[in-house]
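Reviewing the structure listed below.
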């Protein structure tokens, strides 16, 4: 029986820039940041209240994981905003929205009461989009 | 955005500015009266709404920010005294007591633990990378970097 998830990956265009976005703007914490060779870096971050969930900020580079054409295709798709990778949660959506906007995070949808949730959508520095919802107060 | 949310946004914007002020000036003596004034709230009202939205008082939040910054500094091998004063704490003894109460470690024990962990990650990175990802990337030896 699967009991929990401990690693997920987000493909990013630039790991330095992604580090700045996820740590300094979203407030995530670095879990592991090691160099595995020239231009090879393993970088994971965790949401502040989920230290057991590592989000791998995976570079899209030509190499063993991606052939040259696959890497180019993937970078194009990411930068066009093709992928929505996760639904994040906060305690108060309006407060979090105002704080992230003040830090320069780009929202593609402001906080909106939908029939299924109170949510907003934002993009990371690569173009990946995420839903941000409010923790149920019931 | 739904129209009924517009009035709320201005209220939230003022509150968030006060929080961001604490984030930026955690290393200085911060007067909560002044922050409340700048955000156009009475001190009592500011504390009440801050607690409602962030589940902690402004003072508790500021202390938490200072401790988190101190933890980050200690991870980068800064001395205890330097971390204490760089984060806005006024005495080593109160800093040490608060740090231990919050983390379960004295600042020096925490610092040593973090430095050991950092060294282990640098020396044996494959311990911290799921094997499937490491193999996909061709990272098969700890010493291949």
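No value in this document is a laboratory result; all are computed from the given coordinates. Owing to the predicted nature of the structure, the values given are computational and were not obtained by experimental measurement. FYI the Cβ positions are ideal-geometry reconstructions off the backbone, even for glycines, and counts take in every protein chain you see.
Axis of helix B:92-103 versus longest Cα principal axis of chain B: the two differ by about 80°, to the nearest ten degrees. Using Cα-only point scatterers and the Debye equation, what is log10 of I(q)/I(0) for segment A:58-138 at each q in 0.14 Å⁻¹, rounded to two decimals? Normalising to I(0) and taking log10 leaves -0.55.
Mind running the shape call on the protein assembly as shown? Use the C-alpha gyration tensor, a ≥ b ≥ c as the square roots of the eigenvalues: rounded below 1.5 for a/c, prolate if a/b tops b/c, oblate otherwise. Taking the square roots of the gyration eigenvalues as a ≥ b ≥ c, the protein assembly as shown is oblate.
Considering only A:35, A:96, A:82, the mean-square fluctuation computed in a Gaussian network model of chain A, springs between alpha carbons under 10 angstrom, is largest for A:35.
Rounded to the nearest 5, what % of DSSP beta bridges with both residues in the protein assembly as shown are antiparallel? Once the DSSP bridges in the protein assembly as shown are tallied, antiparallel ones form about 60 percent.
Between B:126, B:115, B:74, the Gaussian network model of chain B with springs among Cα atoms under 10 angstrom shows the greatest mean-square fluctuation at B:126. Taken residue by residue and averaged, Cβ atoms of other chains lying within 10 Å of the Cβ of A:59-68 number 2.
For chain B, the mean residue ellipticity at 222 nm estimated from helices alone is -21500 deg cm²/dmol, where every DSSP H run of n ≥ 4 contributes -39500 (n - 2.57) and the total is divided by all residues, rounded to the nearest 500. Over the C-alpha trace of segment A:1-110, radius of gyration and Dmax come out as 15.2, 43 angstrom.
Over all residues in A:48-58, what is the mean tally of Cβ atoms on other chains that come within 10 Å of each residue's Cβ?
That average works out to 1.
When shorter helices are ignored and each DSSP H run of at least 4 residues is given -39500 (n - 2.57), the per-residue value for chain A at 222 nm works out to -5500 deg cm²/dmol. In segment A:7-134, the DSSP beta bridges split such that about 60 percent are antiparallel, to the nearest 5. Between residue A:50 and residue A:114, the distance separating the two model label sites (each 7 Å from Cα on the Cα→Cβ line) works out to 1.7 nm.
Per-residue mean of foreign Cβ neighbours for A:29-35 is 5 (Cβ atoms of other chains, 10 Å radius).
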